[in-house]
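Below is one structure, written out as structure tokens, with a few remarks after it.
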Number of protein chains: 2
Amino acid sequence: MLVNPKPSEAGQSTHDKVYRTLRARIMHGEILPGKSLTLRGVGKEFDVSMTPAREAMRRLVAEGALSMSLSGRVSTPELSNERLEELAAIRALLEVELASRALPRAHMALIDRLQSINSGITEQVVKQDGAGYIRANLEFHRTLYLRAQAPAMLAMAETVWLQIGPTMRALYSRMRRNEPPHNHRLIIAALKAGDEPGLRLAVRMDVTHGLRHLAT
Amino acid sequence: MLVNPKPSEAGQSTHDKVYRTLRARIMHGEILPGKSLTLRGVGKEFDVSMTPAREAMRRLVAEGALSMSLSGRVSTPELSNERLEELAAIRALLEVELASRALPRAHMALIDRLQSINSGITEQVVKQDGAGYIRANLEFHRTLYLRAQAPAMLAMAETVWLQIGPTMRALYSRMRRNEPPHNHRLIIAALKAGDEPGLRLAVRMDVTHGLRHLAT
DNA sequence: ACTCCCAATTTGTTATGGCAGTTGGCTGCG
DNA sequence: CGCAGCCAACTGCCATAACAAATTGGGAGT
């Protein structure tokens, strides 16, 4: 290991691969809330030393994707009811604005793309694949918001997605998901019609929906 | 250095002190945009090794307070005109909501406090102290938003403040700041009157203001 | 059977050193 | 005088090891 530190490959540095992998897992809800991660454990899994593992995990902590106890122990966060509602409110704020900004730039090619993603979502629903559902759902939103040409706002929205990932997945299990993405259809319809108020409402509902199934 | 690693004092770990100090400097605009920071340089300044320096700097990069080149070099960001406007739009979104949520809980004690901070701002203006002005200004906003009982939203707003810190300070220099905080007075008046639309408008103006002085 | 306590293990923190890529200035040529 | 190419210093990345705190588990005592 001393001989070949493998400095920079095609992609990025070592910790970046760890970071991206963990980030995707968390955002898609592949890790349950409360699961604790250790530096040496993550390092061993990715076959790196503690240093890049620490790097990746601390970055995720900074983004709110992981939470850290006072002693430095790191785990996926268990969100309180209040916090989850607050994060949903932030999503509503940001994503309504993103959708609104994307509206004037939404051509037919985009709408086709969204419809295609939407049928992909339905697939994941029938397969009962929670992580796949979340991934496809986020792809729908990201595809739309990319048109807003507002990278900082989109990044901020993704940070929120990251924070709610594990909890959303846990919620997914307990709600009987048989419904196809109704709100997404409303979004697409509003895009076609150029109906901004309708679009804002549909996005807000889609984002706020799914929080009415809590017991805490 | 090997003998006394000084593990954990009253406060937090070593990197945390570095982080907090740097963070405050950046948020208050004490560092100009484009200034580059090195691991060994920061480490030497705080009399620590590269490891905690790296920790703190990477965390700030993750929060958008610092930007990193492809080679890993870290510097304070130089924001484009578009990005600055986008960040201001995010501020408007979040802070209008925060103020609105704080309104029903704003009692006289809070308003007194805000007025006191406000006169402190005027002091900084006559002293021509840019960093002091920014610090007092942010304290005004934070004091108000704390009443909103929305920690995630407040944290997100602070992240934006962090990103615009150096640029705001650079802008401060080139705009002749003789005006006392007019918009803050409007905010206070709206709070007293319980006027929510007026409050939202005043906050939006205060947050959006100050971006009309760009040349880029 | 339950509680308390201590020791072994786990885990995070930091300093250090070697390695590789980057940078900036300097030399030498046109 | 200007520019290309090169070299030395600088800088970041990672593995490793020593250390301290926290956690855990079992054993002793009641």
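The values are calculated or read from the model by the stated rules, or taken from the named source; none is laboratory data. Keep in mind the model is a prediction, meaning the values are calculated, not measured. Note that we place each Cβ from the backbone using ideal geometry, even for glycine, and neighbour counts take in every protein chain shown. What goes into the accessible areas is simple: the full protein's heavy atoms, side chains included, and nothing from ligands, DNA or RNA. Shrake-Rupley method; radii C 1.70, N 1.55, O 1.52, S 1.80 Å.
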Which of A:S71, A:S173, A:S116 moves most in a GNM of chain A, Cα contacts under 10 Å?
A:S71
Which whole-number percent gives the relative contact order of region B:49-136, counting Cα pairs below 8 Å spaced six or more residues apart?
12 percent
Sort shortest first the distances from B:G72 to its counterpart in every other copy, using label points 7 Å along the Cα-to-beta-carbon line, and give them in nm.
2.1
C-alpha center-to-center spacing [region B:119-147, region A:59-100] in angstrom:
28 Å
Among the lysines, which have Cα under 20 Å from the Cα of B:K35 when same-chain residues fewer than 8 positions away are ignored?
B:K44
Max mean-square fluctuation residue, GNM over chain B, Cα-Cα springs under 10 Å, options B:P33, B:P151, B:P52
B:P151
With solvent modelled as a 1.4 Å probe, how much accessible area in total do chains B and A shield from it at their shared surface, in Å² to the nearest 100?
2100 Å²
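Can you list which of the trypsin sites (Lys or Arg not before Pro) found in region A:21-73 are DSSP loop residues with at most 15 other C-beta atoms within 10 Å?
Values: sites: A:R23, A:R25, A:K35, A:R40, A:K44, A:R54, A:R58, A:R59, A:R73; in loops: A:K35, A:R73.
Within region A:21-73, the qualifying trypsin sites (Lys or Arg not before Pro) (loop, at most 15 other Cβ atoms within 10 Å) are A:K35, A:R73.
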From phi via Karplus (6.51, -1.76, 1.60), per-residue ³J(HN,Hα) for region A:181-191 in Hz, x at Gly/Pro:
x, 5, 5, 5, 5, 5, 4, 4, 4, 5, 4
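What is the extension gain from A:E78 to A:D129, computed as 0.36 nm multiplied by their sequence separation minus the C-alpha to C-alpha distance, in nm to one decimal? Mind showing how you got there, number by number?
Values: separation 51, 0.36 × 51 = 18.36 nm, distance 2.16 nm.
Length difference between fully extended and current span is 16.2 nm.
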Could you list the trypsin sites (Lys or Arg not before Pro) in region B:115-197 that lie in coil according to DSSP, counting only those with at most 12 other Cβ atoms within 10 Å of their Cβ?
B:R176
Pop the C-beta distance of B:S49 and A:K35 into the FRET formula with R0 = 35 Å and round what comes out to the nearest 0.05.
0.65
When only Cα pairs under 8 Å and 6 or more residues apart are kept, what is the percent relative contact order across chain B?
28 percent
In whole Hz and in residue order, list the ³J(HN,Hα) couplings for region B:71-88 that follow from phi through the Karplus curve 6.51 cos²θ - 1.76 cosθ + 1.60, θ = phi - 60°; x for Gly and Pro.
8, x, 5, 10, 8, 5, x, 9, 7, 6, 4, 4, 5, 5, 5, 5, 5, 5
Which residue in chain A puts its Cβ closest to the axis that rotates chain A onto chain B, and at what distance in whole Å?
A:A62, 2
Suppose you put the label 7 Å out from Cα in the Cβ direction; list, shortest first and in nm with one decimal, how far B:L146 is from each other copy's label.
4.3
Give the relative contact order (percent, whole number) for region A:81-208; include only Cα pairs under 8 Å separated by 6+ residues.
42 percent
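Taking all protein chains in place and a 1.4 Å probe, what share, in percent, of the accessible surface of region A:14-75 do carbon and sulfur account for? Don't skip to the answer; put the middle values down first.
Values: 1690 of 3180 Å².
The C+S portion of the solvent-accessible surface of region A:14-75 is 53 percent.
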List, in order, the whole-Hz ³J(HN,Hα) value for each residue of region A:147-158 obtained from phi through the Karplus relation with A = 6.51, B = -1.76, C = 1.60 and θ = phi - 60°; use x for Gly and Pro.
5, 6, 6, 9, x, 5, 5, 5, 4, 5, 4, 5
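Taking R0 as 30 Å, what FRET efficiency do you get between B:R20 and A:R185 from their Cβ-Cβ distance, rounded to the nearest 0.05?
Working: r = 48 Å, r/R0 = 1.59.
So, using R0 = 30 Å, E works out to roughly 0.05.
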Which residues qualify? For A:L37, with a placed amide H closer than 5 Å and at least 5 residues away or on another chain, they are A:V74, A:S75, A:T76
In square angstrom, what is the accessible area per residue of region B:81-208 with a 1.4 angstrom probe?
43 Å²
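Hey, what's region B:14-75 come to in accessible area per residue, 1.4 Å probe, Å²?
Per-residue value: 51 Å².
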Copies compared at B:T51 - label distances in nm, ascending, label defined 7 Å from Cα in the Cβ direction
1.0
Taking the Cα centre of chain A as origin and charging only Cβ (+1 Lys, Arg; -1 Asp, Glu), how large is the dipole, in debye to the nearest 20?
300 debye
